[in-house]
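Engineer: Quick one: structure below, then a few questions.
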Amino acid sequence: MKSRDKLVFIRHRLPTDRSTRWHLVQIDLDDTNPLLAKSMGTYTAKWYAPHHTDRKHRPPTHCRFWPDIRTRATTADPPTRPFHISPGKVEHTLRNDPLAAWVTHDVDLAADLLAGPFNFADPMPPTTPQKPDSILRHKANKFAHLIDLDHWDQLRVIGRQRDLDTSDIDRDPRPPAHTV
């Protein structure tokens, strides 16, 4: 995989899903069994979810996607409760909190790949004399972990070809404005 972030859109049905739907995942080559990958196309994937605040105000196409970290009551329980932490704090949290876990599943990329691999969109606009690099870096954090619109377009097209409902990617969660 040539992509730095190793992101892909897949179709998959989690135990909590009513039907097969699209998901954004990151392929974890370190945890993937190389024999299964080569012979069956099965890879270990880490799930990403729309940022919890963004999702209240924007459709998924304009949301940041953060690692889907969950907590559990005991280490024997499956992780179920969302635990919102920034991507930069994930490794530290997983290392130090035995009740936190990144949602991870083995996926059949050969059958379920919809789009990718790709990287997160570059959050840094070019610097200008009016906007020095230090100011832009501060603002770039608000735009980190977005998905380029071209990848959403690819998901729409391939989803349609494979009879997968992708209508929710453009759905704005806000109620329509009342007009007088």
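Engineer: Tell me the residue from Ser86, Ser3 that is closer than 16 Å to Phe120 by Cα and in contact (Cβ under 8 Å) with a residue 60 or more places away in the chain, please. Before the answer, list the steps.
Structural biologist: On the way: Ser86 fails: in contact (Cβ under 8 Å) with a residue 60 or more places away in the chain.
Criteria check complete, one pass: Ser3.
Engineer: Specify the residue that is modelled with the lowest pLDDT; the eligible residues are those in the range 138-180 that are surrounded by 10 or more Cβ atoms within 10 Å (Cβ to Cβ), assigned to a helix (DSSP H, G or I) and small (Gly, Ala, Ser).
Structural biologist: Ala140
Engineer: Now, a different point. Are there any pairs, at least 6 apart or on different chains, whose C-beta atoms fall under 6 Å, with the first in the range 54-81 and at pLDDT 85 or above and the second among the small types (Gly, Ala, Ser), and if so, which?
Structural biologist: That search, which allows pairs on different chains as well, returns Asp68/Ala49; Ile69/Ala100; Arg70/Ala101; Thr71/Ala100.
Engineer: Okay, moving on. Only residues that are more than 17 Å from the chain's Cα centre (by Cα) and among the charged types (D, E, K, R): list them for the range 57-80, please.
Structural biologist: If the condition is that a residue be more than 17 Å from the chain's Cα centre (by Cα) and among the charged types (D, E, K, R), then Arg72, Asp77 are the ones that fit.
Engineer: Out of all the residues in the range 67-78, is one or more surrounded by fewer than 18 Cβ atoms within 10 Å (Cβ to Cβ), of a type in the set (A, V, I, L, M, F, W, C) and on the phi < 0 side of the Ramachandran plot?
Structural biologist: Yes: the range 67-78 contains one or more residues that are surrounded by fewer than 18 Cβ atoms within 10 Å (Cβ to Cβ), of a type in the set (A, V, I, L, M, F, W, C) and on the phi < 0 side of the Ramachandran plot.
Engineer: So, in the range 34-62, exactly how many residues are farther than 20 Å from His105 by Cα and among the β-branched types (Val, Ile, Thr)?
Structural biologist: 2
Engineer: Check the range 10-31 and report whether any residue there is surrounded by 16 or more Cβ atoms within 10 Å (Cβ to Cβ), touching a helix residue (DSSP H, G or I) at 6+ places or on another chain (Cβ under 7 Å) and β-branched (Val, Ile, Thr).
Structural biologist: The answer is yes; a qualifying residue exists.
Engineer: Can you run down the residue pairs with Cβ atoms below 8 Å, 6 or more apart or on separate chains, where the first is in the range 22-34 and of a type in the set (Ser, Thr, Tyr) and the partner is surrounded by fewer than 22 Cβ atoms within 10 Å (Cβ to Cβ)?
Structural biologist: As it stands, the answer is Thr32/Thr42; Thr32/Thr44, since those pairs meet every condition given.
Engineer: Could you list, in sequence order, the residues of the range 99-137 that are in a helix (DSSP H, G or I) and modelled with pLDDT under 55?
Structural biologist: Passing the criteria: Asp133, Ser134, Ile135, Leu136, Arg137.
Engineer: Okay, next question. Phe65: closer than 29 Å to Arg156 by Cα, in contact with a helix residue (DSSP H, G or I) (Cβ under 6 Å, 6 or more places away or on another chain) and of a type in the set (Phe, Trp, Tyr), yes or no?
Structural biologist: no
Engineer: Also: Check the range 86-107 and report whether any residue there is of a type outside the set (Ser, Thr, Tyr), under 27 Å from Arg160 (Cβ atoms) and surrounded by fewer than 19 Cβ atoms within 10 Å (Cβ to Cβ).
Structural biologist: yes
Engineer: Here's a check for you: in the range 15-58, which residue that is β-branched (Val, Ile, Thr) and part of a loop (DSSP other than H, G, I, E, B) is farthest from Arg156 (Cα to Cα)? Show your work before the answer.
Structural biologist: Taking the range 15-58 as the starting set, the residues that turn out to be β-branched (Val, Ile, Thr) are 16, 20, 25, 27, 32, 42, 44, 53.
With part of a loop (DSSP other than H, G, I, E, B) added as a condition, the list becomes 16, 20, 32, 53.
Values: Thr16: 23, Thr20: 15, Thr32: 28, Thr53: 24 Å.
Only one residue fits best here, namely Thr32.
Engineer: For Trp47, which of the numbered conditions (1) crowded, with 16+ Cβ neighbours inside 10 Å; (2) touching a residue at least 60 places away in the same chain (Cβ under 8 Å) fails to hold?
Structural biologist: Just one mismatch for Trp47, condition (2).
Engineer: For the range 42-56, indicate whether the set of residues that are more than 15 Å from the chain's Cα centre (by Cα) and at positive phi is non-empty.
Structural biologist: no
The values are calculated or read from the model by the stated rules, or taken from the named source; none is laboratory data. Just so you know, these numbers come straight off a predicted model, no measurement behind them. No Cβ is skipped: glycine too gets one built from the backbone with ideal geometry, and neighbour counts run over all protein chains shown.
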